[in-house]
Amino acid sequence: MASSKRDMEERIGFIKLWANYVKNTPNSKWSRQQNLLINSVMKSASQDAKLYLRVKKLVTR
Amino acid sequence: MDFDYDGKTLKFDKELSDLDKLVLDFVGLIKRLRIRYVIVSGYVSILFGRSRTTEDIDLYMDKLKLENFLKFFSLLNRKGYWAVDSESAEDAFDRLQNGLSIRMAKKDTVIPNFEIKFPKKEMDFLSLDSPLKVLINNNRLLVSPLEVQIPFKVWLGSEKDMEDAAHIYELFKEKLDKGKMRSIAKGLRVEREMTKHGFI
């Protein structure tokens, strides 16, 4: 439990670090970096509709 | 981050991702039929630079009558979208009427998709009635107000949601209406959690 709390604190620490980077960086620069992640994930995502809906059903049970 | 924010409208320019372009395309179709909508949940933090992506974009839409919904559904079909989890337009409408969501995606894809719901709870109407107008590269999007988004994310409570809340708070903390946010946190009974994370 203590380790999980520490992990969460470290995660939030990183989130704040990134948010402050976005805050203090020109929009064109941070958005270009963000887009590398977003666009690559969109390109590589599985488009299996049946699998997607099965997973969604399992999660919402 | 260079932006202009007066509490009701947030204006900024950035390099648009493929996700942003898809969202603008979809809301463009909603606006064509003058349907009220608001984008809530994960995409809001992503719009403002959060370092993740999403499988779906959640939005609330005004409760439509069947006739208007069929027009909307038909327009989406014509413009290249399909219903991921509905057999027909009537089936999709039934789902919405019964309090369920429907998912619409670009044809031949399933991710990302738009998860559409009719509003049910007070929080849903709060966002739909008084959204934050975002002008991004001069394109208009309506999203949940930041003062609603942060406590709502805390209420949802998953690690991802807490991180989304932290990102939005850290970016805009000097501009937030803290009184309004506190009031919403009180309504959601997350004041203690919000205080613990330094959001109020």
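With respect to the conditions (1) closer than 22 Å to residue B:180 by Cα; (2) surrounded by fewer than 17 Cβ atoms within 10 Å (Cβ to Cβ), residue B:2 falls short on a single one, namely (1). Exactly one residue among B:185, B:166 is without any contact (Cβ under 8 Å) to a residue 60 or more places away in the chain, touching an Asp or Glu at 6+ places or on another chain (Cβ under 6 Å) and among the aliphatic types (A, V, I, L, M), and that residue is B:185. Of all residues in the stretch B:1-39, those satisfying the criterion of being within 11 Å of another protein chain (Cβ to nearest Cβ) and within 18 Å of residue B:56 (Cβ to Cβ) are B:17, B:18, B:19, B:20, B:21, B:22.
Please go through the stretch B:84-99 and give me each residue that is hydrophobic (A, V, I, L, M, F, W, C) and within 13 Å of chain A (Cβ to nearest Cβ), ordered by number.
Looking only at the stretch B:84-99, we keep the residues that are hydrophobic (A, V, I, L, M, F, W, C), and these are B:84, B:89, B:92-93, B:96.
Of everything in the stretch B:84-99, just one residue is hydrophobic (A, V, I, L, M, F, W, C) and within 13 Å of chain A (Cβ to nearest Cβ), namely B:84.
Taking strands (runs of 3 or more DSSP E) as the structural unit, those lying wholly within the stretch B:102-152 and holding at least 1 residues that are closer than 24 Å to residue B:166 by Cβ correspond to B:113-117, B:132-136, B:139-143. I'd like to know if the stretch B:191-199 contains one or more residues that are touching a residue at least 12 places away in the same chain (Cβ under 8 Å) and among the β-branched types (Val, Ile, Thr). Taking every residue of the stretch B:191-199 in turn, none turns out to be touching a residue at least 12 places away in the same chain (Cβ under 8 Å) and among the β-branched types (Val, Ile, Thr). Could you check how many residues of the stretch A:21-36 are loosely packed, with under 14 Cβ neighbours inside 10 Å and either within 17 Å of residue B:54 (Cβ to Cβ) or within 15 Å of the chain's Cα centre (by Cα) (or both)? Number of matching residues: 1.
Applying the criterion of at least 1 residues that are more than 26 Å from residue B:20 (Cα to Cα) and either among the polar types (S, T, N, Q) or touching a Cys at 6+ places or on another chain (Cβ under 9 Å) (or both) to the helices (runs of 4 or more DSSP H) found wholly in chain A leaves A:2-23. Checking the stated criteria, residue B:101 turns out not to satisfy the condition of being of a type in the set (S, T, N, Q), out of contact with any Pro (no Cβ under 9 Å at 6 or more places or on another chain), assigned by TED's automatic domain parsing to the domain that holds residue B:124 and farther than 19 Å from residue B:124 by Cβ.
Scanning the stretch B:169-200 for residues that are closer than 18 Å to residue B:50 by Cβ, surrounded by fewer than 24 Cβ atoms within 10 Å (Cβ to Cβ) and under 21 Å from the mean Cα position of the chain (by Cα) yields B:170, B:171, B:172, B:173, B:175, B:176.
Restricting attention to the stretch B:96-110, which residues are aliphatic (A, V, I, L, M) and either in contact with a Phe, Trp or Tyr (Cβ under 6 Å, 6 or more places away or on another chain) or surrounded by 20 or more Cβ atoms within 10 Å (Cβ to Cβ) (or both)?
B:96, B:102, B:104, B:105, B:110
A single member of B:100, B:128, B:70 is of a type in the set (A, V, I, L, M) and touching a residue at least 24 places away in the same chain (Cβ under 8 Å), and it is B:128.
Of all the numbered requirements in (1) out of contact with any Asp or Glu (no Cβ under 6 Å at 6 or more places or on another chain); (2) surrounded by 20 or more Cβ atoms within 10 Å (Cβ to Cβ); (3) closer than 23 Å to residue B:34 by Cβ, residue B:85 misses one, and that requirement is (3).
The values are calculated or read from the model by the stated rules, or taken from the named source; none is laboratory data. Just so you know, these numbers come straight off a predicted model, no measurement behind them. Cβ atoms come from the backbone with ideal geometry, glycine included; neighbour counts cover every protein chain shown.
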